Amino acid sequence: MVDGTATLKINHINVTMKYINQLEPNQLIDNFLTHPPKNFSAWLSEDRVPVFSTKFNLLTTADENFKSKIQKLPFYKKWCHWLKQKTCFVGATVSEYTLLNHHIDPEQLAHNLKAAYAKKYPFLIVKDMPLASPLLSNKENQYSEQLISSLKNCGFVEVEGQALAWVLIDFTDLDEFLSRFSYSRRKNFRRKLKSREKLAIDVLHSGDDCFFNNAVLDEYYQLYLNVYQQSEVHFDLLTKPFFTQLLQSKTSQARIFTYHHNNELVGFNICFVVNNMLIDKYIGLVYPQARELNLYYVSWFVNLEYALQQGFSHYVAGWTDPEVKASLGANFTLTKHLVYIRNPLLRLVLQKLIGYFENDKEKLA
């Protein structure tokens with residue numbers, strides 16, 4: 001059996017349990033386990049929490065200055081492959097937070113994870129642990145806090161994670177929301193939002209008939225790839241079967257916002273409705289049209305407007321581009337990664353370099 005996958009893959013179909021820290025529909029988590037990203041393996045641990053493994057470039061989340069210094073070291077191209085290590089992650093790339101099982105004591109879970117994976121992998125990372133998240137219950141936050149403490153007692157190193165953007169829907173209309181910004185910023189937003197007049201905007205649902213057309217599925221996946229290929233961080237490349245299952249699901253409560261210009265699909269945004277919140281997950285764009293039409297900004301306000309119209313309490317806008325989202329009025333809640341490094345010498349070295357991997361907190365300081 002390889003990394004516990006063969007046995008447990010049989011058991012992950014049709015996941016129905018509700019995890020601690022879950023802001024996504026069960027169907028999306030099951031989709032991740034069934035169709036993990038390219039070159040990933042995904043399964044449920046013995047304690048039934050999502051786990052995945054892949055070759056991970058240790059510089060993926062390093063700040064650009066540090067990354068540049070490393071790449072300029074002598075003979076970098078000859079030894080850089082040592083920076084890509086087989087890594088086990090506790091969590092899922094489709095969830096905002098680490099998904100946990102409240103049926104097991106957090107101290108026991110910490111010991112079980114270390115026992116199961118620390119010897120098999122050079123790196124074991126419990127990713128995206130929430131820190132007093134306003135999007136979760138007190139019970140969930142307390143469990144996560146206890147697990148963080150237990151993991152540290154087991155020798156895991158604490159690393160600042162990413163910043164999750166969210167907006168409280170506490171305004172009566174977009175004019176009230178815009179009134180919270182400076183005059184110059186309001187003027188800039190209104191200028192960019194004029195592009196909305198050039199767009200035909202619709203809201204589709206997963207499971208709609210159009211998503212059973214192969215040509216449509218191809219088009220949506222290509223737009224997703226456009227965004228992935230131009231992004232600065234390349235980690236999880238989602239597969240076409242993943243998107244097919246997502247778009248065809250009649251029960252996952254996905255809302256697909258579509259943007260057409262001159263009858264051409266130039267962008268889409270896939271969101272989910274869970275716990276009276278609009279959870280923003282995936283975006284696809286056509287370049288350069290999307291930039292010319294200010295589609296990023298237009299979609300932000302379309303999502304806010306939709307959340308307001310539907311009576312949702314929050315709009316959860318994801319991890320990427322924290323500085324841009326801060327300028328658009330987002331609040332942020334930070335996370336922690338807990339990292340276990342098998343090699344004690346490497347553990348000592350990387351502990352001294354942790355600050356170079358904590359970008360989001362610095363950007364929002």
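Derivation of every value follows stated rules applied to the coordinates shown; laboratory data play no part. Remember, predicted model here, so these are calculated numbers, not experimental data. All Cβ positions, glycine included, derive from the backbone under ideal geometry; neighbour counts span all protein chains shown.
Can you list the trypsin sites (Lys or Arg not before Pro) in segment 148-185 that are in a DSSP coil and have 14 or fewer other beta carbons within 10 angstrom?
Arg180
How large is the convex hull of the Cα atoms of segment 170-312 per residue, expressed in Å³ as a whole number?
Convex hull volume per residue, Cα atoms: 129 Å³.
Would you order Cys154, Cys210, Cys88 from fewest to most other beta-carbon atoms within 10 Å of each residue's own beta-carbon?
Cys210, Cys154, Cys88
Identify all aspartates and glutamates with a Cα-Cα distance to Lys152 below 16 Å; exclude those on the same chain that are fewer than 8 residues away in sequence.
Asp105, Glu107, Asp128, Glu160
Let's test this: bin the Cα-Cα distances of segment 172-220 at 5 Å from zero up to the farthest pair and state each bin's percent.
Pair shares across the bins are 4, 15, 15, 14, 12, 10, 11, 11, 5, 1.
With a sphere of radius 10 Å drawn around the Cβ of Arg186, what net charge do the other residues whose Cβ falls strictly inside it have (Lys, Arg +1; Asp, Glu -1)?
With Lys, Arg at +1 and Asp, Glu at -1, the neighbours total +4.
Note down the magnitude of the dipole of segment 203-295 about its Cα centre, charges +1 on Lys and Arg C-beta and -1 on Asp and Glu C-beta and zero elsewhere, to the nearest 20 debye.
Dipole size: approximately 200 debye.
Over 19 Å between Cα atoms, which of Lys86/Lys119; Lys127/Lys281; Lys18/Lys336; Lys84/Lys119; Lys139/Lys325 qualify?
Lys18/Lys336; Lys139/Lys325
Just rank Asp236, Asp173, fewest to most, by other beta-carbon atoms within 10 angstrom.
Taking fewest neighbouring Cβ atoms as first place, the list is Asp173, Asp236.
Taking 8 Å as the Cα distance limit and 6 or more residues as the minimum spacing, I'd like the relative contact order of segment 106-158 as a percentage.
51
How large is ³J(HN,Hα), in whole Hz, for each residue of segment 178-184 in order, when computed from phi with the Karplus curve 6.51 cos²θ - 1.76 cosθ + 1.60 and θ = phi - 60°, using x for Gly and Pro?
Result, rounded to whole Hz: 5, 5, 7, 9, 5, 4, 5.
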